[in-house]
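Report on one structure; see the data block that follows.
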Amino acid sequence: MTSLCADAYAYANIGIVKYWGKRNEALNLPCADSLGISIEALCTRCFCEWGEFEADSVDLGAKKLDPAGMNRVRRILDAVRTLAGFTLNARVRSENNFEPSSGLASSSSGMASLALASVRAAGLELSSAEISALARLGSGSAARAVVGGWAHWQRGTREDGHDSYAVQLFDEGHWPLRIFVLVVSKTAKKVSSTQGMRRCAESSPFWDAFQEACAADLPRAVQAIAAQDLQELAQCANANSMRLHAMCLSAQPAIVYWEPESLRVIELVELLAHEGIHCVCTFDAGPNAILLCDPKDAHVLRSRLDAQGLVYRESGIAGAGRVIQGAH
Ligand code: DP6
């Protein structure tokens, strides 16, 4: 029998105009469109093999996958089994080059690389939109990680979610901004994105305002990216991130994703803006900041972060996820 295996990788994708809210939790269908970028320094590699195994299994190295994580993986594997028309089980091995569950979007690269590898291992030829929709079943932001670059995830309107996938608006070379990934904490986040979204929907008085803000922020951000206007993008993206966290703080019980260092980063970015150095400063569901700056300003940012003793990893913008080796 031919062996049904493939290897793939994908980069973590962080929200610039955030996804925070589901209109269908089982299918990860979002309330609003979102926009994100893939980060070259944050990569997951996934190996998948289909065979007559007793059950699906996932090897994450030192870390163990919890039952909720296994359910997410199964949603993708079940969909691939249906498309392939077989009942085989999968052996999955996944490796991150960064800390998982620290607000560094590990589920995006993890589920995107799994979708790419499991589809190819099954011998299926799917479009990038179809793979993006499959990855979405595992984690919403993974839809964007499949296509990479500056990725726009269209919420779609269909109940089955087939029109809810990401498209790449600009590739990684369009505007080579420098990315600083600030790791202020390596511990797992206190409230998962799924739980956080649910709690905000149920209890935040700012829920509707946030969804409306995202609808206005998305075209504004796209225009700023097209024009390569960093000051405009920073104003739009930073406000969007602040609003997400303001909404989380306003939920009951409050969700506080930031650490004291997160506030120090916000202060530093404000100071720099007064000096005419504009940076995007955005936080997903965690304390770690992602900063984007013009490459000509990178040395200033480096020395200011060093002076504050803040730890960071530098990166460029990454492209789409890729299959390394197909079924054979
Ligand atoms: C704050 O994609 O992790 O990073 O769909 O429940 O897996 P699930 O959520 P996930 O949420 C990401 C939320 C965010 C914003 C963003 O990436 O746009």
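The values are calculated or read from the model by the stated rules, or taken from the named source; none is laboratory data. In this text, all values refer to a predicted model and were calculated from it rather than measured experimentally. Ideal geometry is used to build each Cβ from the backbone, glycine not excepted, and the neighbour counts take in all protein chains shown.
A few remarks follow.
- A135 vs. criteria aliphatic (A, V, I, L, M), in contact with a Gly (Cβ under 6 Å, 6 or more places away or on another chain) and buried (at least 22 other Cβ atoms within 10 Å of the Cβ): no
- Qualifying position, being free of Cβ contacts under 8 Å to residues at least 60 places away in the same chain and either in a helix (DSSP H, G or I) or more than 21 Å from P295 (Cα to Cα) (or both), among E202, E159: E202
- So A55, is it under 30 Å from A239 (Cα atoms) and either more than 16 Å from the ligand (Cβ to nearest atom) or without any contact (Cβ under 8 Å) to a residue 24 or more places away in the chain (or both): no
- Segment 162-172 - residue that is surrounded by 21 or more Cβ atoms within 10 Å (Cβ to Cβ) and not in a strand (DSSP E or B) and, of those, nearest to the ligand (Cβ to nearest atom): S164
- Residue list for segment 271-328, filter: surrounded by fewer than 17 Cβ atoms within 10 Å (Cβ to Cβ) and in contact with a Pro (Cβ under 8 Å, 6 or more places away or on another chain): P295, G316
- Qualifying residue in segment 76-87 (condition: of a type outside the set (D, E), over 16 Å from the mean Cα position of the chain (by Cα) and within 14 Å of the ligand (Cβ to nearest atom)): yes
- Residues in segment 8-26 that are on the phi < 0 side of the Ramachandran plot, surrounded by 20 or more Cβ atoms within 10 Å (Cβ to Cβ) and either more than 9 Å from the ligand (Cβ to nearest atom) or without any contact (Cβ under 8 Å) to a residue 24 or more places away in the chain (or both): A8, Y9, A10, Y11, A12.
- Taking the listed residues I37, I76, the one that is out of contact with any Phe, Trp or Tyr (no Cβ under 9 Å at 6 or more places or on another chain) and not polar (S, T, N, Q) is I76, with no other qualifying.
- Where helices (runs of 4 or more DSSP H) fall entirely within segment 218-311, those with at least 2 residues that are under 14 Å from V184 (Cβ atoms) and out of contact with any Lys or Arg (no Cβ under 8 Å at 6 or more places or on another chain) are at 260-274.
- Candidate set: segment 125-156, residues that are assigned to a helix (DSSP H, G or I) and of a type in the set (D, E, K, R); chosen: the one farthest from the ligand (Cβ to nearest atom): E130
- Residue in segment 89-110 that is in a strand (DSSP E or B), away from the ligand (no atom under 12 Å from the Cβ), among the charged types (D, E, K, R) and farther than 20 Å from V146 by Cα present: yes
- Only one entry of A273, A239 meets the criterion of being modelled with pLDDT of 95 or more, within 17 Å of I179 (Cα to Cα) and out of contact with any strand residue (DSSP E or B) (no Cβ under 8 Å at 6 or more places or on another chain), and that entry is A273.
- Of the listed requirements (1) at pLDDT below 95; (2) surrounded by 20 or more Cβ atoms within 10 Å (Cβ to Cβ), S204 misses just one: (1).
- Flag if L116 is within 14 Å of the ligand (Cβ to nearest atom) and assigned to a helix (DSSP H, G or I): no
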